[in-house]
Amino acid sequence: MIDLRLLREDTDRVRASQAARGEDPSTVDTLLLAAERRRETVGRADTLRGEQKTIGKRVSQATPAERPALMTQAKELAAAVRSAVADEAAAEAALRQAQLAVPNVIEDGVPAGGEDDYVVVKEIGDKPTFAGFTPRDHVGLGRLLGAIDTERGAKVSGARFYFLTGQGALLQLALLNMAVAQAVETGFTTVITPTLVRPEVMGGTGYLGAHATEVYRLEADDLYLVGTSEVPLAGLHMDEILDLSAGPRRYAGWSSCYRREAGSYGKDTQGIIRVHQFDKVEMFSYCDPADAREEHDRMLAWEEQMLAKVELPYRVIETAAGDLGSSAARKYDCEAWIPTQGRYRELTSTSNCTTFQARRLNIRYRDTEGRPQFAATLNGTLATTRWLVAILENHQQADGSVAVPAALRPYLGGREVLQPQ
RNA sequence: GGAGGCUUCGCCUAGUCCGGUCUAUGGCGCCGCACUGCUAAUGCGGUUGGGGUUCACGCCCCUCCCGGGUUCAAAUCCCGGAGCCUCCGCCA
């Protein structure tokens, strides 16, 4: 939900944002009209209600003789109020609809265009060279190590499900624990979140818009399975006024994540790159909107710190406007090199949602004058199941064993190598 | 799954039976001022949130869990729903 004051005062900026996203700029004009119409109807209804209250008071104090005349007036007013309130409600609903149709206004400098119009910010690390052997993909390695069982995942739950077993399960736990440890060191509050949320929380985070088909819904209970702990972490402080005077409130959420992967038929059908269920440690920050850009930079830095710990070659890209979620004003992805695919694949993603989610979820803080204002929210990935793909492939050795990056060893009981079973 | 209770302006709370100066009581906390050599204590005042209007002071409207209804008028009456709590049953 965007700021209506910004819309009124800088309409061109909102239009330009829509254009950069490749979306219909006319939604902006619809929204402007709806906002204007709402203001008119509110004004009229307020005035009539005021008159009604005045006359209501006179009725209560009137003598029996005065009463009938006053009652006639009061009844007429009551009818007028009813109709004005109905208009107000209709205008209010139309405004809400129009607001839901407009995604967040992008930040200055975000590249225009779609999925392929990203900008490479930097490339870090050396891609591995496999002397004297052909590297195995993560599926082969996972089988060899007894780490990943996709066949039985499919048997039990269907395509895009898997079991992590033995060293695979331990590797994931080690990775996620390392992420939690880093988050704790950095001052995050660790949270294990619900993974089923109410419609208003799912909607408030912006996931029930264009990508609603991506979300699992439990119809019998009217609950949604979260695709990331960003959702429950954003809901955590819904309808609250936070004290941000000491700086951002930061949470690291650990949860399973569920995605329908609708419309991705044929993509990444092998292995655990694109799956219906995975685990993730996610950073989430509530902060003063004035600090949001800096916080975004910090989130990216923390992601890169994790990538350095697992010794992966990666690049950072800035996503183009059309590839941003509806809530995001700017997004950076870190993509790790996947040797057997010969390309970079997304391992992390950090979004600055500015005040967009907070407006929908009614999350505020008090400014220096003590007035409630909408907070900014940001999120970023610290580790996910998909990281196992990059770790296995990049650190594999000729015999199918995998070297454990030094930073990860303490979380694997000191183990230095994963051995074929 | 069954039965009962509860939900009021940050927290606690009065008010709901019997509709109208409820324009919501009091306490705690917080802020300001006064007083005292400092602190404490005390006194006085302020303190829900949202919206509309205004250069501004201010004024107006909404807000007593949510949504409907009755009524000239609803915190209060009626219907529906949500959340929390307690007990019983069942299951992990």
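The values are calculated or read from the model by the stated rules, or taken from the named source; none is laboratory data. This one's a predicted model, so the numbers in the text were calculated from it and none came from an experiment. Note that we place each Cβ from the backbone using ideal geometry, even for glycine, and neighbour counts take in every protein chain shown. Remember, those area values only see protein heavy atoms, side chains included, never the ligands or the DNA or RNA. Shrake-Rupley method; radii C 1.70, N 1.55, O 1.52, S 1.80 Å.
Here are a few things to note about the model shown:
- Only Lys, Arg (+1) and Asp, Glu (-1) charged, at Cβ; region A:86-183 dipole about Cα centre in debye: 920 debye
- With DNA, RNA and ligands ignored, accessible area of A:Phe163 (1.4 Å probe; Å², nearest 10): 90 Å²
- Per-residue ellipticity at 222 nm, computed for chain A from helices alone with -39500 (n - 2.57) per DSSP H run of at least four residues, works out to -12500 deg cm²/dmol.
- Counted over chain A with a bin width of 20 Å, the fraction of Cα pairs per bin, in whole percents, is 23, 48, 20, 7, 2, 0.
- Accessible area of A:Met1 in the full protein assembly, 1.4 Å probe (Å², nearest 10): 40 Å²
- Whole-percent carbon and sulfur share, accessible surface of chain A, 1.4 Å: 50 percent
- About the Cα centre, charge dipole magnitude for region A:282-350 (Lys/Arg +1, Asp/Glu -1 at Cβ), debye: 280 debye
- Count of lysine pairs in chain A with Cα separation under 18 Å (8 or more residues apart, or interchain): 6
- Accessible area per residue (1.4 Å probe, heavy atoms of protein chains only) ranks A:Ile241, A:Ile272 as A:Ile241, A:Ile272, with the largest value leading.
- Cα pair count fraction exceeding 16 Å, expressed as % - region A:4-100: 65 percent
- For region A:180-269, chymotrypsin sites (Phe, Trp or Tyr not before Pro) meeting the loop criterion (DSSP other than H, G, I, E, B) and having at most 16 other Cβ atoms within 10 Å: A:Tyr216, A:Tyr265.
- The distance between label points at A:Gln73 and A:Ala181 comes to 7.9 nm (points 7 Å beyond Cα on the Cα→Cβ vector).
- Here the label points at A:Tyr265 and A:Gln61, each 7 Å from Cα along the C-beta direction, are separated by 7.4 nm in the simple model.
- Alpha-carbon geometry of region A:30-168: the Rg and the Dmax are 34.0, 108 Å, given in that order.
- Most mobile listed residue (A:Glu40, A:Glu393, A:Glu304) in chain A, GNM with C-alpha springs under 10 Å: A:Glu40
- In whole angstrom, region A:274-390 maps to an equivalent ellipsoid with semi-axes of 30, 14, 13, each derived as √(5λ) from the alpha carbon gyration tensor and ordered largest first.
- Helical segments meeting 24 Å axial Cα length and Kyte-Doolittle 0.5 threshold in chain A (DSSP H): A:167-186
- Potential extension, A:Glu369-A:Ala246 segment - 0.36 nm per residue separation minus Cα distance: 42.8 nm
- Residues in region A:121-163 average 62 Å² of solvent-accessible surface per residue, probe 1.4 Å, ligands and nucleic acids excluded.
- When the Cα positions of A:Ala90, A:Ala19, A:Leu77 are compared along the charge dipole of region A:4-100, A:Leu77 comes out farthest toward the positive end, with charges on each C-beta of Lys, Arg, Asp and Glu.
- Gyration tensor verdict on region A:140-256 (Cα atoms; rounded if a/c is under 1.5, prolate if a/b is larger than b/c, oblate otherwise): oblate
- Farthest toward the positive end of the dipole of chain A, out of A:Ala321, A:Val59, A:Gly140, is the Cα of A:Val59, where the dipole comes from beta carbon charges about the Cα centre.
- If the chain linking A:Asp29 and A:Ser157 were pulled fully straight, counting 0.36 nm for each residue of separation and taking away their Cα-Cα distance, it would gain 41.4 nm.
- Protein-only accessible surface at a 1.4 angstrom probe places the residues A:Lys57, A:Lys309 in the order A:Lys57, A:Lys309, largest first.
- Cα centroids of region A:342-388 and region A:114-136: 27 Å apart.
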